[in-house]
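Enquirer: For reference, the structure I am asking about is given below.
The values are calculated or read from the model by the stated rules, or taken from the named source; none is laboratory data. What you see is a predicted model, and the numbers here were worked out from it, not measured in a lab. We place every Cβ from the backbone using ideal geometry, glycine too, and count neighbours over all the protein chains shown. To get the accessible areas, we keep the full protein, side chains included, count just its heavy atoms, and leave off ligands, DNA and RNA. Shrake-Rupley method; radii C 1.70, N 1.55, O 1.52, S 1.80 Å.
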Amino acid sequence: PRSNRVSDLTLDGFGLSGRIGRGILQLQFLRKLSLAKNNLTGGLSFSLAQLENLRVIDLSENSLMGPVPRNFFGQCGSLISISLANNKFTGPVPDSLSSCSVLRTVNFSGNQFSGVLPSGIWSLQGLRSLDLSRNLFEGEIPKGIESSNNLRELRLGNNQLTGEIPDGIGNCLLLRSI
């Protein structure tokens, strides 16, 4: 029988291939979506954040590609963790990421994201871990890092960043790893 009560979909390392289908959006009670370590391809043509109960997205270690849609994070009220690491995503990280007010962990490492770092990233008050390493980001680290009171880990290495380390980084008292 058909049920929309699935809350946890973890299919890591199952050898899945092909695209992520829109049918996932029918799982209205989904809290965790983990499809890591598969052979998934294609892009993110729709917003998983439409699933209002979704708290964890892990799509790391696949072959997903293309830009992340601008509105991908438009309705991410309950999202606390997202990993798109080790794929082939390109283009800028959408500014809508800063609307994910309860986000704690962001890992977009090992892609081909480019452009400047999202300016609103430091407005995420609960952010504890931010890994944007091994991409093609350029420009300066945005000002305002001192407002990231809960930041414990920051990884920005292997990009094309320029300029100085922001003065406010010393005010991130919980920061343990840079």
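Enquirer: Per-residue HN-Hα couplings for the stretch 6-14, Karplus 6.51 cos²θ - 1.76 cosθ + 1.60 at θ = phi - 60°, whole Hz, x for Gly and Pro?
Expert: 5, 10, 9, 10, 10, 10, 6, x, 8
Enquirer: Accessible area per residue for the stretch 78-163 in Å², computed with a 1.4 Å probe and the full protein assembly in place, what is it?
Expert: With all protein chains present, the stretch 78-163 gives 40 Å² per residue.
Enquirer: Probe radius 1.4 Å, ligands and nucleic acids ignored: give me the carbon and sulfur share of the accessible area of the stretch 1-99 as a rounded percent.
Expert: Ligands and nucleic acids excluded, carbon and sulfur give 48 percent.
Enquirer: Using the Karplus curve 6.51 cos²θ - 1.76 cosθ + 1.60 with θ = phi - 60°, work out ³J(HN,Hα) for each residue of the stretch 19-25 in order, rounded to whole Hz, and write x for Gly and Pro.
Expert: 9, 7, x, 5, x, 4, 5
Enquirer: So how strong a dipole does the chain carry about its Cα centre when Lys and Arg Cβ are +1 and Asp and Glu Cβ are -1, to the nearest 20 debye?
Expert: Taking the Cα centre of the chain as origin, the dipole is about 680 debye.
Enquirer: Nothing charged except the Cβ atoms of Lys and Arg (+1) and of Asp and Glu (-1): what's the magnitude of the dipole of the stretch 75-178 about its Cα centre? Round to the nearest 20 debye.
Expert: Its charge dipole is roughly 380 debye.
Enquirer: May I pose another question? Under the Cβ-under-4.7 Å rule, which cysteines of the chain stay unpaired?
Expert: So, Cys172.
Enquirer: Okay, moving on. Please report the net charge: other residues with Cβ closer than 12 Å to the Cβ of Gly13, K and R +1, D and E -1.
Expert: Summing Lys and Arg as +1 and Asp and Glu as -1 gives -2.
Enquirer: Show me, for the stretch 127-140, the HN-Hα J-couplings you get by feeding each phi into the Karplus relation (A = 6.51, B = -1.76, C = 1.60, θ = phi - 60°), rounded to Hz, glycine and proline as x.
Expert: Computed from phi, the couplings for the stretch 127-140 are 4, 10, 9, 10, 10, 10, 5, 6, 9, 10, 5, 9, x, 8 Hz.
Enquirer: Direction-averaged shadow area of the convex hull around the Cα atoms of the stretch 64-108, nm²?
Expert: Averaged projected hull area, Cα only: 2.9 nm².
Enquirer: Given that compact globular proteins tend to follow 2.2 N^0.38 Å, what is the ratio of the alpha-carbon Rg of the stretch 116-178 to that value?
Expert: Rounded to two decimals, the normalised Rg is 1.02.
Enquirer: Report the Cα-based extents of the chain along its three principal axes, largest first, to the nearest Å.
Expert: 58, 26, 26
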